[in-house]
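The values are calculated or read from the model by the stated rules, or taken from the named source; none is laboratory data. Treat the numbers as computed from the prediction; the structure is a model and nothing was measured. Backbone-built Cβ (ideal geometry, glycine too); neighbour counts: all protein chains shown. What goes into the accessible areas is simple: the full protein's heavy atoms, side chains included, and nothing from ligands, DNA or RNA. Shrake-Rupley method; radii C 1.70, N 1.55, O 1.52, S 1.80 Å.
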Amino acid sequence: MHYQTESWGAYMASRAGSDPLERVERLASENALVIFSISTCCMCHAIKRLFCGMGVNPTVYELDEDPRGKEIEKALMRLLGSSSAVPVVFIGGKLVGAMDRVMASHINGTLVPLLKEAGALWL
C-alpha cells in the first residue's frame with residue numbers, strides 16, 4: 001500500500017496543551033484525505049485498501065503508535081457519538097464518518113465526487 005503514515009509525536013508535543021478535539025480538526029484539515037486508524041484493526045486496513053485501490057493516497061494517523069493516541073481516540077468517539085472510534089475518515093477537512101458512512105457513500109456514488117472536490121482524486 002502507498003498511503004502516507006504521519007509521525008506526529010513532534011507535532012503533538014508542540015501542542016501539548018491543546019484540546020484533543022481541536023487536534024483532530026487541525027490534523028484532519030491538513031490533507032485532502034485523512035484516516036484515523038489503529039494499525040491492528042481489520043476495518044481500518046479495509047478502508048485504507050479501499051482508498052488505495054481507488055488510486056488515492058490517504059494520510060493515516062495510527063493512534064496506537066502515538067503516545068497521545070488514546071486521547072485522540074476518545075475525542076473521535078465523542079465526535080462520532082459511538083463506542084468505536086476507528087476508522088474515521090475526513091475528506092477535505094470534513095468528517096465523512098466511520099466505515100459504514102464511507103461504504104454507503106462509495107455505494108451511492110457520492111464518495112468519488114467528494115474525493116475529487118478535495119483534490120484527493122484527479123481522474
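List the residue pairs whose Cβ atoms are under 9 Å apart, where the first residue sits in the stretch 15-27 and is within 14 Å of Met77 (Cα to Cα), the second is at pLDDT 90 or above and open to solvent by 80 Å² or more (accessible area, probe 1.4 Å), and the two are 6 or more positions apart or on different chains.
Pro20/Lys74; Pro20/Arg78; Leu21/Arg78
Pull up the stretch 49-105, narrow it to residues that are of a type in the set (S, T, N, Q) and at pLDDT 95 or above, then point me to the one that is nearest to Glu117 (Cα to Cα). Don't jump to the end; show me each part of the working.
Step one: of the stretch 49-105, the residues of a type in the set (S, T, N, Q) are 57, 59, 82-84, 105.
Now narrow it down to the ones that are at pLDDT 95 or above: 59, 105.
Details: Thr59: 17, Ser105: 14 Å.
Out of the qualifying residues, it is Ser105.
May I ask you to list the residues in the stretch 33-49 that are surrounded by fewer than 20 Cβ atoms within 10 Å (Cβ to Cβ) and not in a helix (DSSP H, G or I)?
Ile38, Ser39, Thr40, Cys41
Would you be able to say whether some residue in the stretch 14-21 is open to solvent by less than 50 Å² (accessible area, probe 1.4 Å), within 22 Å of Asp100 (Cβ to Cβ) and at pLDDT below 95? Reasoning before the result, please.
Filtering the stretch 14-21 for residues open to solvent by less than 50 Å² (accessible area, probe 1.4 Å) gives 18, 20-21.
If we keep only those that are within 22 Å of Asp100 (Cβ to Cβ) too, we end up with 21.
From what's left, at pLDDT below 95: 21.
The answer is yes; a qualifying residue exists.
Tally the residues that are under 23 Å from Glu71 (Cβ atoms) and in contact with a helix residue (DSSP H, G or I) (Cβ under 7 Å, 6 or more places away or on another chain), restricting the search to the stretch 41-58.
The number of residues fulfilling the criteria is 3.
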